[in-house]
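The structure under discussion appears below in the form of structure tokens.
The values are calculated or read from the model by the stated rules, or taken from the named source; none is laboratory data. Note that this is a predicted model, so its numbers are computed, not measured. All Cβ positions, even for glycine, are placed from backbone atoms using ideal geometry, and neighbour counts span all protein chains on display. When the accessible area is computed, the model is the full protein with side chains, heavy atoms only, and any ligands, DNA or RNA have been set aside. Shrake-Rupley method; radii C 1.70, N 1.55, O 1.52, S 1.80 Å.
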Amino acid sequence: MTATAVVTGASSGIGAATARGLAAEGYDVVLVARRADRIEALAEELTAQGRSARAFALDVTDRAAVDAFAEALPSCAVLVNNAGGAIGVDPIATGDPDDWRRMYEVNVLGVLNMTQALLPKLIASGDGTVLVVTSTAGHVVYEGGAGYVAAKHGAHTLAATLRLELCGEPVRVVEIAPGMVKTEEFSLNRLRGDAEAAEAVYAGVPDPLTAEDVADTVVWAVTRPPHVNIDLMVVRPRAQAAQHKVHRVRPEER
């Protein structure tokens, strides 16, 4: 029987690229996201290529809907918790608690909801993988990012604790922590639709990571032999040595 892989946040960016990668590896991919039109279009694209894919519109912060989704799913061998995101760059002194709450709900509680709901099926598969896409923000703090940093630290802690708690069960727990990734929506959403400000985030950076770069690491980790667990992988572009150390080419040098 073909193994089923659930990918959240599959409507764009890293999630969509991961879905394509896992489908190419022969998984029956279940595309999960709120935007039904996007995941349905991706499912059609993959099936037209002879891959196995289906779309399921779902908000991972809606626990009742998540439980219903998990109950209807016959089996699950891989769960890629990719849904997440950042809102705003405000300092703690003026940050909006509603922004913090929304980030915590999707980045942490969304992972909790999906993992709890699918864990029995992941264990029953005999070779399950829970993968959490976090961020380097889950390991290093920076100014103007406290709400997102706190949420990603929460996701990192969830993954690390789950790995301890599942020791002895046939389930691997993997964390992929990307650094600077240029996707079509991450910075645009974070900066509340300001396209110019979103583009400035990557100005002068030679080759920031792409969604496909991160998806490659996700697929590689998932497809290791069952006894191999990639506990944590930090992946950055060469131009980013650390959170605050980014090489940018000056305009006159471009």
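Brief remarks on what is shown
- Spin-label model distance (nm) - residue 37 vs residue 68, 7 Å beyond Cα toward Cβ: 2.3
- Bins of 10 Å from zero: percent of alpha-carbon pairs in the chain: 7, 31, 37, 19, 5, 0
- Relative to one another, the C-alpha centroids of the range 222-245 and the range 72-141 are positioned 17 Å apart.
- Positive-end ranking of 193, 217, 241 along the dipole of the range 121-254, with charges on Cβ about the Cα centre, is headed by 241.
- Taking θ as phi - 60° and the Karplus parameters 6.51, -1.76 and 1.60, the scalar couplings of the range 87-101 work out to 10, x, 10, 6, x, 4, 4, 10, x, 8, x, 5, 5, 4, 4 Hz in sequence order, x denoting glycine and proline.
- 1.4 Å probe accessible area per residue over the chain, in Å²: 48
- The length gained on full extension between residue 94 and residue 216, counted as 0.36 nm times the residue separation minus their Cα-Cα distance, comes to 40.1 nm.
- Projected over every direction and averaged, the convex hull enclosing the alpha-carbon atoms of the range 157-227 yields 6.3 nm².
- In a fully extended conformation the segment linking residue 188 and residue 224 would gain 9.6 nm over its present Cα-Cα distance, using 0.36 nm per residue.
- J(HN,Hα) series, the range 18-31, from Karplus relation 6.51 cos²θ - 1.76 cosθ + 1.60, nearest Hz, glycine and proline x: 5, 4, 4, x, 5, 5, 5, 7, x, 6, 7, 9, 9, 8
- Shown here for the range 108-208: GluC sites (Glu not before Pro) in loop regions (DSSP other than H, G, I, E, B) with at most 16 other Cβ atoms within 10 Å, namely 143, 184, 185.
- Qualifying lysines (Cα of each under 21 Å from Cα of residue 245; at least 8 residues distant if same chain): 152, 182
- Compared with the dominant principal axis of the Cα atoms in the chain, helix 36-48 is inclined by about 60°.
- Heavy-atom accessible area, probed at 1.4 angstrom with all protein chains present, ranks 121, 245 as 245, 121, highest first.
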